[in-house]
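Each remark here refers to the structure printed beneath this line.
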2 protein chains.
Amino acid sequence: MIDPDLLSTMRQEMRRGSVVLLCLLALRQPDYGYALLKSLESSGLTTDANTLYPLLRRLERQGLLTSEWVTDDPRPRKYYRTSEMGSEVAALLLDDWAAMTRSLDHFHRGETT
Amino acid sequence: MIDPDLLSTMRQEMRRGSVVLLCLLALRQPDYGYALLKSLESSGLTTDANTLYPLLRRLERQGLLTSEWVTDDPRPRKYYRTSEMGSEVAALLLDDWAAMTRSLDHFHRGETT
């Protein structure tokens, strides 16, 4: 009954903004793309490399992440870390998230009362 | 220090998907656009008519809302109501929201431990 394409688009739309916030929070501990992907997955958020990797590059361009190549391992890896500005942005987005959660709770409760 | 345009874009991006969910939840009680706008505002979510009204029309086109003109009052008003399909979509998006909130909590706690 529900158009699967429509539903998929709506879910992606809702997820897109929050993935940014998740990355900014997670990368206060420096990590490389694939490890972050796995870490997001194990926290319950499914995303994919084709979404995440360009996002990390974009956040770096915007100054919200910094990056550093680590070449100690056989395979060099680019580690990302949340910048000071990234932390400030994350704090503001968290406030927004909390406000949206309160709104959602308000209207969700409306159903049962 | 934070580029205000960048921050504004990120906040809008994060808000966009959740406004859909809020509308679907709120309109289980039929309401007209302006009243919904005020109701969203009083729940803590600031949006504007130029965002909300086209969204309501889009959700109606997608079959997630139905509408009915009420002409009892001096000024005819179009009342929107969440359709059965809209309620099903809202339930799925609420699950997603809960999962994202758990992920956010996970990484947010990461800061302080």
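Test B:Ser8 against the stated conditions and say whether it is surrounded by 15 or more Cβ atoms within 10 Å (Cβ to Cβ), assigned to a helix (DSSP H, G or I) and of a type outside the set (A, V, I, L, M, F, W, C).
no
Of the numbered conditions (1) under 14 Å from the mean Cα position of the chain (by Cα); (2) within 11 Å of another protein chain (Cβ to nearest Cβ), A:Ile2 fails exactly one; give the number of that condition.
(1)
Would it be correct to say that A:Ser87 is small (Gly, Ala, Ser) and part of a helix (DSSP H, G or I)?
Answer is yes for this residue.
Among (1) surrounded by 15 or more Cβ atoms within 10 Å (Cβ to Cβ); (2) not in a loop (DSSP other than H, G, I, E, B), where does A:Arg28 come up short?
Going through (1) surrounded by 15 or more Cβ atoms within 10 Å (Cβ to Cβ); (2) not in a loop (DSSP other than H, G, I, E, B) one by one, A:Arg28 breaks only (2).
Could you tell me which residue of the stretch B:35-75 is surrounded by the most Cβ atoms within 10 Å (Cβ to Cβ), considering only residues that are touching a residue at least 12 places away in the same chain (Cβ under 8 Å) and part of a loop (DSSP other than H, G, I, E, B)?
B:Leu64
Among the residues of the stretch B:94-106, is any in contact (Cβ under 8 Å) with a residue 40 or more places away in the chain, outside any helix (DSSP H, G or I) and within 11 Å of chain A (Cβ to nearest Cβ)? Working first, answer last.
Start the filter on the stretch B:94-106 by keeping residues that are in contact (Cβ under 8 Å) with a residue 40 or more places away in the chain, which leaves B:94, B:97.
Going one step further and asking which of them are outside any helix (DSSP H, G or I), we end up with none.
Within the stretch B:94-106 (the criterion being in contact (Cβ under 8 Å) with a residue 40 or more places away in the chain, outside any helix (DSSP H, G or I) and within 11 Å of chain A (Cβ to nearest Cβ)), the answer is no, since none of the residues qualifies.
Can you name the residue in the stretch A:80-93 that is of a type in the set (A, V, I, L, M, F, W, C) and at the interface with chain B (Cβ under 7 Å from one of its Cβ atoms) and, of all such residues, is farthest from B:Leu45 (Cα to Cα)?
The selected residue is A:Met85.
Which one of these does B:Arg77 not meet: (1) within 13 Å of another protein chain (Cβ to nearest Cβ); (2) farther than 15 Å from B:Leu21 by Cα?
Checking B:Arg77 against (1) within 13 Å of another protein chain (Cβ to nearest Cβ); (2) farther than 15 Å from B:Leu21 by Cα, the one that fails is (1).
Could you say whether any residue in the stretch A:48-62 is within 9 Å of chain B (Cβ to nearest Cβ), of a type in the set (S, T, N, Q) and farther than 18 Å from B:Ile2 by Cα?
No, the conditions are met nowhere in the stretch A:48-62.
Criterion first (of a type in the set (Ser, Thr, Tyr), assigned to a helix (DSSP H, G or I) and buried (at least 18 other Cβ atoms within 10 Å of the Cβ)) does B:Ser18 satisfy it?
yes
Taking interchain pairs and intrachain pairs at least six residues apart, which have beta carbon atoms under 6 angstrom, with the first residue in the stretch A:7-19 and over 12 Å from B:Ala90 (Cα atoms) and the second surrounded by 16 or more Cβ atoms within 10 Å (Cβ to Cβ) and of a type in the set (Gly, Ala, Ser)?
A:Glu13/B:Gly17
At pLDDT below 90 and within 11 Å of the chain's Cα centre (by Cα): is that true of A:Gly17 in this structure?
yes
The values are calculated or read from the model by the stated rules, or taken from the named source; none is laboratory data. All values reported here derive from a predicted model rather than from experimental measurement. A quick note on method: Cβ atoms are made from the backbone with ideal geometry, for glycine too, and the neighbour counts reach across all protein chains shown.
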